[in-house]
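The values are calculated or read from the model by the stated rules, or taken from the named source; none is laboratory data. These numbers come from a predicted model, not from an experiment. Cβ atoms come from the backbone with ideal geometry, glycine included; neighbour counts cover every protein chain shown. Please note that ligands, DNA and RNA were not included when accessible areas were found on the heavy atoms of the full protein model with its side chains. Shrake-Rupley method; radii C 1.70, N 1.55, O 1.52, S 1.80 Å.
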Amino acid sequence: MYFSTRNVNSFTFNGWKEIGDREFYGSSLPYSVTIPEGVTSIGDYAFYYCTGFNGTLTLSENLETIGQYAFAGDNWGSYFMHFIGNLVIPNSVTTIGDYAFYSCNDFNGTLTLSENLKTIGQYAFSNCYGFTGNLAIPSSVTSIGDYAFYYCTGFNGTLTLSENLETIGQYAFSNCYGFTGNLVIPNSVTTIGDYAFQSCSNFNGTLTLSENLVTIG
């Protein structure tokens with residue numbers, strides 16, 4: 001199914017097990033969205049360029065995969081995604097695709113990541129500059145993609161990195177200038193990409209680098 005610029009005044013996902021690729025691409029959808037427990041996957045571009053959101057996004061507790069561009073807008077102002085409040089990625093999720101939440105910039109609460117997450121894709125949360133508080137990368141995560149948290153300027157607490165993290169992509173936390181406290185690069189990290197922490201200017205504690213670090217970009 002491919003809804004192009006369709007107005008949807010109300011909708012339920014009863015009986016759905018997956019939301020397919022481009023399912024609601026370009027649709028006008030109402031207010032808050034709740035993905036029910038029966039849904040295990042959200043496809044690529046599923047809610048890409050959707051308009052009308054100005055409420056919360058609640059994800060299925062059994063969700064495993066969030067596809068690339070699943071909830072993405074653009075960065076020109078016309079198609080920002082206007083979800084508000086907190087965003088919780090359920091513990092069932094193992095993969096967040098590239099650009100999954102790109103330019104979802106009205107979130108004004110915390111971001112909680114799945115404890116079983118393995119990969120955070122490129123640009124996954126880029127331009128989500130409303131998140132506040134701390135950010136903890138779970139121990140299951142081994143790689144953070146390029147630009148993953150680029151311009152997430154609202155964080156105003158600590159950044160805790162996965163103890164099993166191996167790679168921090170280029171520009172991964174660039175312009176996340178609200179982080180405070182100490183920054184510890186775990187000993188599992190071998191590569192820090194170019195501009196990875198550019199303009200992270202409010203850290204006010206110590207910097208500890210990985211003992212196995214091979215490359216600093």
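A few points about this structure:
- Carbon + sulfur, % of accessible area of the stretch 86-217 - ligands and nucleic acids excluded, 1.4 Å: 43 percent
- Calculated from backbone phi, Karplus (6.51, -1.76, 1.60) coupling profile of the stretch 103-115 in Hz, x at Gly/Pro: 6, 7, 9, 9, 3, 10, x, 8, 10, 10, 9, 4, 6
- Derived scalar couplings between HN and Hα for the stretch 156-170 equal 10, x, 8, 10, 10, 9, 4, 5, 10, 5, 10, 9, 10, x, 5 Hz in order, rounded to whole Hz, by the Karplus curve 6.51 cos²θ - 1.76 cosθ + 1.60 (θ = phi - 60°), x for Gly and Pro.
- Among Gly121, Gly20, Gly67, residue whose mean-square fluctuation peaks in a GNM of the chain (springs only between Cα atoms under 10 Å): Gly20
- Each Lys and Arg Cβ is given +1 and each Asp and Glu Cβ -1; about its Cα centre, the chain then shows a dipole of about 360 debye.
- Accessible area per residue for the stretch 120-217, computed on protein heavy atoms with a 1.4 Å probe, is 42 Å².
- Cα-based equivalent ellipsoid of the stretch 103-175: semi-axis lengths in Å, sorted from largest, via gyration tensor: 18, 14, 10
- Distant-in-sequence amide H partners of Thr51 (H built 1.01 Å from N, under 5 Å): Ser27, Ser28, Leu29
- Lys/Arg +1, Asp/Glu -1 at C-beta; the chain dipole; positive extreme among Leu159, Pro186, Phe101: Phe101
- For Leu57, solvent-accessible area (1.4 Å; no DNA, RNA or ligand), Å²: 10 Å²
- HN-Hα J in Hz across the stretch 200-210 - Karplus 6.51, -1.76, 1.60, θ = phi - 60°, x for Gly and Pro: 7, 9, 9, 4, 10, x, 9, 10, 10, 9, 4
- For the stretch 51-146, the set of chymotrypsin sites (Phe, Trp or Tyr not before Pro) satisfying both a DSSP loop assignment and a count of at most 14 other C-beta atoms within 10 Å is given as Trp76.
- Summing +1 for each Lys or Arg and -1 for each Asp or Glu among the other residues whose beta-carbon sits under 15 angstrom from that of Thr215 gives -4.
- Convex hull volume of the C-alpha atoms in the stretch 29-182, normalised per residue: 86 Å³.
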